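S.K.: One structure is given below, represented as structure tokens, and several questions about it will come after.
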Amino acid sequence: MLKKEQIPFDLGVRHAHEREDFWVSDCNRDAVAWLDKQDWPALIIYGPPASGKTHLLRVWKKETKASELSLAQLTPTTISRALGDAKNVMIDDVLPVIGVRHAEEALLHLYNMLRERDGALLMTASAPVTAWPFVLPDLKSRLLAAPAAELGSPDDTLMAVVLTKLFSDRQIFVPQEVVQFILPRIERSFLALRETVDKIDRRALAEKRPVTIPLVREVLQA
């Protein structure tokens, strides 16, 4: 157990969300290609937690000057005011409002308004559209017809790049031998990478130690 004086301060994480910070690999190439096309009225990017969905949204937001909306409290009568004169809109993690009638009605109204403006709607979710519990048949038919791109499981190269980036976001320089030590010892998922980096960072801060293989070994064994 940590002594009181050893509890690390949460210094925050400076996330890098520029296009050049996103490593294109086989598991995300289709999603990047769809974003580059920019010829769709709506696009859904789906995949597991920490797979890069939000990163891609931030890149698209910056490049298209898109607005970000949350549908939780919106209805068809309030969506126009919330939209303003925006032409492109992004919604990060849309699944929580699917199945909520007033939110689906707002989303359907938003979709139609953007079509009239010749704009675009970009959404992310943790599951494919075919698994969404729709209430409105009209919304379901429109989104099932929209292109969708899956972010799949990472390969070895992408795992190494993402792990290095997660440390870099925390202003931690990690030698490649540390990265290669970690990868075969954790679950092959982006979420596992994020959780591992968080544990290592907290241990290093608490004990005021650099991130080395001995420290990493202790964290993974614990």
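The values are calculated or read from the model by the stated rules, or taken from the named source; none is laboratory data. Here the structure is a predicted model, which is why all the values come from computation and not from measurement. Neighbour counts run over all protein chains shown; Cβ positions are idealised from the backbone, glycine included. With ligands, DNA and RNA removed, areas are computed over all heavy atoms of the protein, side chains included. Shrake-Rupley method; radii C 1.70, N 1.55, O 1.52, S 1.80 Å.
S.K.: Would you mind checking the tilt of helix 156-169 against the longest principal axis of the Cα atoms of the chain, expressed as 0 to 90 degrees and rounded to 10?
M.R.: 80 degrees
S.K.: What does the helix-only formula give at 222 nm for the chain: each DSSP H stretch with n ≥ 4 adding -39500 (n - 2.57), the total divided by the residues, and the result rounded to the nearest 500 deg cm²/dmol?
M.R.: Values: 9 runs with 102 residues, N = 222.
Theoretical 222 nm ellipticity from helices: -14000 deg cm²/dmol.
S.K.: While we're looking at this one, here's another question. So what's the angle, to the nearest 10 degrees on a 0 to 90 scale, between helix 53-64 and the longest Cα principal axis of the chain?
M.R.: For 53-64 against the chain, the angle is about 60 degrees.
S.K.: Counting residues in region 74-169 as N, plug N into 2.2 N^0.38 Å and put the Cα Rg over that result. Please report the intermediate quantities before stating the final value.
M.R.: Values: Rg = 16.3 Å, N = 96, 2.2 N^0.38 = 12.5 Å.
Computed over Cα atoms of region 74-169, the ratio equals 1.31.
S.K.: Which pairs in the list Lys37/Lys62; Lys53/Lys199; Lys140/Lys165; Lys53/Lys208; Lys65/Lys140 are over 25 Å apart, alpha-carbon to alpha-carbon?
M.R.: Details: Lys37/Lys62 16 Å; Lys53/Lys199 23 Å; Lys140/Lys165 37 Å; Lys53/Lys208 33 Å; Lys65/Lys140 27 Å.
Beyond 25 Å between Cα atoms: Lys140/Lys165; Lys53/Lys208; Lys65/Lys140.
S.K.: Hey, in the GNM for the chain with a 10 angstrom Cα cutoff, which one of Gly99, Gly84, Gly47 fluctuates hardest?
M.R.: Gly84
S.K.: Here is a further query. Tell me, what is the FRET efficiency for Lys208 and Glu187 to the nearest 0.05, using R0 = 25 angstrom and their Cβ-Cβ distance as r?
M.R.: So, using R0 = 25 Å, E works out to roughly 0.30.
S.K.: Turning to a different aspect of this structure: For a protection proxy built on the mean count of beta-carbon atoms within 10 angstrom, sort 106-113, 61-68 highest first, please. Intermediate values should be presented prior to the final figure.
M.R.: On the way: 106-113: 20.9, 61-68: 14.8.
Ranking, from highest mean packing down: 106-113, 61-68.
S.K.: If I compute percent of Cα pairs over 23 Å apart from the structure I just sent, which labelled value in (1) 54; (2) 48; (3) 42 lines up?
M.R.: Comparing each candidate, only (1) matches the computed number.
S.K.: Ok, one more. Could you compute the net charge surrounding Thr78? Neighbours are other residues with a C-beta less than 15 Å from the C-beta of Thr78; K and R count +1, D and E count -1. Each step should come with its number before you reach the end.
M.R.: Values: positive: Arg81, Arg101; negative: Glu104, Glu105.
Result for the neighbourhood of Thr78: 0.
S.K.: Then there is this: Whole number in Å², please: accessible area per residue of region 74-222, 1.4 Å probe, ligands, DNA and RNA not counted.
M.R.: Working: 7430 Å² over 149 residues.
Ligands and nucleic acids excluded, the result is 50 Å² per residue.
S.K.: Next up: Run the accessible area of the chain with a 1.4 Å probe and give the carbon-and-sulfur part as a rounded percent. Don't jump to the answer; show the numbers that get you there.
M.R.: Working: 6310 of 12200 Å².
Summing carbon and sulfur atoms, their accessible area is 52 percent of the total for the chain.
S.K.: A further question follows. Sort 154-167, 208-221 for me by packing, meaning the mean count of neighbouring Cβ atoms within 10 Å per residue, highest on top. Intermediate results must be reported in sequence, preceding the final value.
M.R.: Values: 154-167: 18.6, 208-221: 13.6.
Descending packing order for the listed peptides: 154-167, 208-221.
S.K.: Taking the Cα centre of the chain as the origin and placing charges on Cβ (Lys, Arg +1; Asp, Glu -1), which of Ile172, Trp40, Thr157 is farthest toward the positive end of the dipole?
M.R.: Of the candidates, Ile172 comes out farthest on the positive side.
S.K.: How large is ³J(HN,Hα) for each residue in region 181-196, as worked out from phi by the Karplus curve 6.51 cos²θ - 1.76 cosθ + 1.60 (θ = phi - 60°), to whole Hz, x for Gly and Pro?
M.R.: In residue order, the calculated couplings are 6, 6, 3, x, 10, 10, 4, 7, 8, 5, 5, 4, 4, 4, 5, 5 Hz.
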